[in-house]
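Participant: Would you mind keeping the following structure in view while I ask a few things?
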Amino acid sequence: MSGREYELVITLKSDLCAGSGYAYAGIIDSDVCYDAYGFPYIAARRLKGCLREAAELIGLKSRETGELFGNPGEDAVKGIHIDNAYIENYGELRRDYEMLEEKYRRYITPQSILAQFTTVKAQTRIEKNGVAKDGSLRYIRTVNHYSPSDRDKEMRFYARVTLPEGREEQWLQPMERIAKALRHIGMNRNRGLGSVSCRLLPCEGSSAAGAGPVNVEEDGDYILKYCVRNTAPLAMSAASDLKTEKYISGRSVLGFFAGAYLRLDGKSAEDEEFRDIFLRSKVKFGGLYPAGKPQGEKADIYYPAPSYINQLKKTKRYVNVSKKIPRTEEEADRLGVEAACASGNGNQPKRLKGKFICLKETGQGAAKILVKEPDTDIVYHHTKKSKKQRSSDGNLLYTAEVLRAGQLFAGEIRGSGRYIRLLAELLEGSTLRFGKSKSAQYGTCVLADRPVILRAKGEKRTYKGGNRILAVLESDAIFTGPYGYTVRCDEVREQIKESLGVKEKACTETDEEIYAEIETGLLSGYYSKWNLQRPAVPVVKAGSTFEFELEEELSVEEDALWTGENNGEGFGRLRIVDNNAGDCRVELSEEEERTAAEPPERAAELFRRIIVEEARERLLLQASQKRLELANPAALGRIMLMLSESVNACPDDPRGQYEDFSRRISSIKSTDPRDKADGALREWICGPEGYEGGLKYAEYVEDLRELYDGLLRDGHSEDAFDKEMYRLWSTYLMAAFVQEKYSLKQKEGSHGTER
């Protein structure tokens, strides 16, 4: 269903700075792209721009270049699709980091991982007189030429490239030539950075597990539940072009499936089947909302926070504002709730804007909540005018908000068996892409778990007469009134009441207030077929809540509650919450427990290097406090020279270095420097027994030994950490000597000042 996929292999021939647009004042002026875990990558849009330049360089015609890479303002994605270029084994490295136990995360952080792959370089401008120009000092971060795990192996990045469906043979040879012509990427290409070698290779696609069960009755009512992980950032259309929605709307899901359907051989938009599924709302496409870990049909799904759940400003307690909230501690005591729930003295309740809630029922009408806020990033882009590109705007630097890659989203689709079975096949056989800029860098998702097809049980839940219920919109809803679209609270409330079949108890003056809170917005969109903006439609936003007091018993089918218009596009999904029991308190549910993990496989060596680096930094700090107490700086200089010569004489043999340095010390004729140098070697490094006596300074890093050993797998020596520490003895000693050298210079300077 999707085009044939290839892999663009990018081998670094020098350090690389493919800029992200970020800068940190006084620290980094130009930064590279890296993900939330610290692993560097090359952004797909930068890569696509470089490939377009390479296409022009080899003489590809303007029309062919436009067909392959697209033109501004096109009504659909017709050319190639490029993903971000990630380092080798990126998926396994990321998974290893996600499964790390908490005790490692103090040292193995995204910044420590980034430091293994990158270097910060300083550069300045030199005037004609050979002096640096004032204010010209700049710092840039670059991706290292060689891999941190193997200093002789050049770094490689891999980007998935999808050629247009049905035209693979036509564009394969030009793309191979373009890949070979791409020799430079990123900044400072004429100053030694960004030299690369590229190849386009076929790759094996991975097929998702099919959905079950197989025996789906054509006319039965079924629900398709599935969970996706976005492997690339998501830019979902919102009211502002610079913002993103925090979920994937039902309309976007419907659009994806409609496109996948139309790519099937012999299918068209004129088919009755197409009209039933996508135009007549016989199938309801729910949105994809933030989710917990995938668990098939039992995955926790987080919907936009309902308006009745607020958080107190100071005490951070969650409360149900549809119930009475005490103002003072005395009132709280009378109501039987904690004093922390009192809203007086500036502790007023606040809406959970931008957050999502998962309601977990605990029985007898009570529920606890889990709270989640999707992670977002701010990205920078620079549109560069090309002579052969039909662009009238010229160069433009802009920013945008996107949903960070690596998050889980879950949802469901409901319809008859024959349609659900077809949609499950489309889900299995298509590459999932949502949102804007799907041709490069954004929108790519993969199935995080096997999709599940369930028979709609049709089970009903009953609410007793006299009880109060809350009707909460889990998705945006569209309502129409006598004069068109409406968002008036009374009209919306009446339509929801009719949808649920509620017979409401008449209110009296002595009754408590009936709660209702509504939030409105404008729904806009884009007709890609005609390249036109959709007309704006007023909507009632998800989270809006309406309370009803039942006059008589109400029975509803909970997994089939919809209201308003355009239910097929995911609008108007409802949830009923029993609001009769309990007080204003809303309890937090326990967080998902992290399962114990085996030692990481792919990232183990990288993580061990970080632990060793932490040990090295700690030892250098400790060494700076040591002193030989030599009165003669010249003698200290000779001892430092001896240490350097011993290290150079035995470059990869710590024991040989130690013994050679010990011999050199014994050759010193002056008693005082010889004894003090020998004492430093015995007292600071290995003790009187010599090299076999064990390391004296190992006590400073004993806690790191346990972490290091925990990262070892079968086949590794148990004394591996000791071997790493032995390699640091000369570094430790040299750091102490250097610190003493500067101390002696300071003393000389102070004596000169006194004279």
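Every number in this text was worked out from the coordinates using simple rules, so none of it is lab data. Since we're looking at a predicted model, the values are computed, not measured. FYI the Cβ positions are ideal-geometry reconstructions off the backbone, even for glycines, and counts take in every protein chain you see.
Participant: Indicate the gyration tensor shape class of the range 278-321 (rounded, prolate or oblate), computed on the Cα atoms with a ≥ b ≥ c the square roots of the eigenvalues: a/c under 1.5 is rounded; otherwise a/b larger than b/c is prolate and the rest oblate.
Facilitator: Values: a/c = 4.26, a/b = 1.88, b/c = 2.27.
Judged from the Cα gyration tensor, the range 278-321 comes out oblate (a/c at least 1.5, b/c at or above a/b).
Participant: For the range 5-202, compute the number of Lys pairs whose alpha carbons are separated by less than 30 Å, excluding pairs fewer than 8 positions apart on the same chain.
Facilitator: The result is 17.
Participant: Using only alpha carbon pairs under 8 Å that are at least six residues apart, calculate the relative contact order of the chain and give it in whole percent. Don't skip to the answer; put the middle values down first.
Facilitator: Numbers: 1451 pairs, mean separation 116.9, N = 755.
Here the relative contact order equals 15 percent.
Participant: Which shape class, rounded, prolate or oblate, goes with the range 5-202 when its Cα gyration tensor gives a ≥ b ≥ c as root eigenvalues, a/c under 1.5 marks rounded, and past that a/b bigger than b/c marks prolate? Show your work: numbers first, answer last.
Facilitator: Numbers: a/c = 2.10, a/b = 1.29, b/c = 1.62.
Since a/c reaches 1.5 but b/c is at least a/b, the shape of the range 5-202 is classed as oblate.
Participant: For residue 667 and residue 360 in the same chain, what is the full-extension length gain: residue separation times 0.36 nm, less their Cα-Cα distance, in nm? Walk me through the intermediate numbers first.
Facilitator: Values: separation 307, 0.36 × 307 = 110.52 nm, distance 7.69 nm.
Result: 102.8 nm gained on full extension.
Participant: With +1 assigned to the C-beta of every Lys and Arg and -1 to the C-beta of every Asp and Glu, and no other charges, what is the dipole magnitude of the chain about the Cα centre in debye, to the nearest 20? Spell out each step's value before the answer.
Facilitator: Working: 114 positive and 120 negative charges, 702 e Å.
So the dipole magnitude of the chain works out to roughly 3380 debye.
Participant: Follow-up. As a test of the formula, what do you get for the chain when each DSSP H run with n ≥ 4 contributes -39,500 (n - 2.57) and the sum is divided by the residue count, at 222 nm and rounded to the nearest 500 deg cm²/dmol?
Facilitator: Details: 16 runs with 200 residues, N = 755.
Counting only the DSSP helices, I get -8500 deg cm²/dmol.
Participant: Still on this structure: Over the Cα atoms of the range 604-754, compute the convex hull volume and normalise it per residue, giving Å³. Write down the numbers at each step before the final one.
Facilitator: Working: hull volume 17.7 nm³, N = 151.
For the range 604-754, the hull spanned by Cα atoms encloses 117 Å³ per residue.
Participant: If I take every Cα pair under 8 Å that is 6 or more residues apart in the range 5-202, average their sequence separation and divide by the length, what percent do I get for the relative contact order?
Facilitator: Once normalised by length, the contact order is 41 percent.
Participant: Give the residue from 548, 668, 409 lying farthest towards the positive end of the charge dipole for the chain; charges sit on Cβ (+1 for Lys and Arg, -1 for Asp and Glu) and the dipole is referred to the Cα centre.
Facilitator: The Cα lying farthest towards the positive end belongs to 668.
Participant: For residue 398 paired with residue 100, estimate the spin-label separation in nm (one decimal), with each label point 7 Å from Cα along the Cα-to-Cβ line.
Facilitator: Using points 7 Å along Cα→Cβ, the separation is 3.7 nm.
Participant: Hey, another quick one. Mind checking which of 279, 255, 341 is farthest towards the positive end of the range 254-348's charge dipole, using Cβ charges of +1 (Lys, Arg) and -1 (Asp, Glu) about the Cα centre?
Facilitator: Value: 341.
Participant: Rounded, prolate or oblate: which fits the range 459-599, taking a ≥ b ≥ c as square roots of the Cα gyration tensor eigenvalues, rounded meaning a/c under 1.5, else prolate when a/b beats b/c?
Facilitator: On the way: a/c = 2.05, a/b = 1.10, b/c = 1.87.
Note, shape of the range 459-599 comes out oblate.
Participant: Of the listed values [x] 63, 33, 21; [y] 58, 37, 25; [z] 62, 28, 21, grab the one calculated as semi-axes √(5λ) of the Cα gyration tensor in Å from the structure here.
Facilitator: [y]
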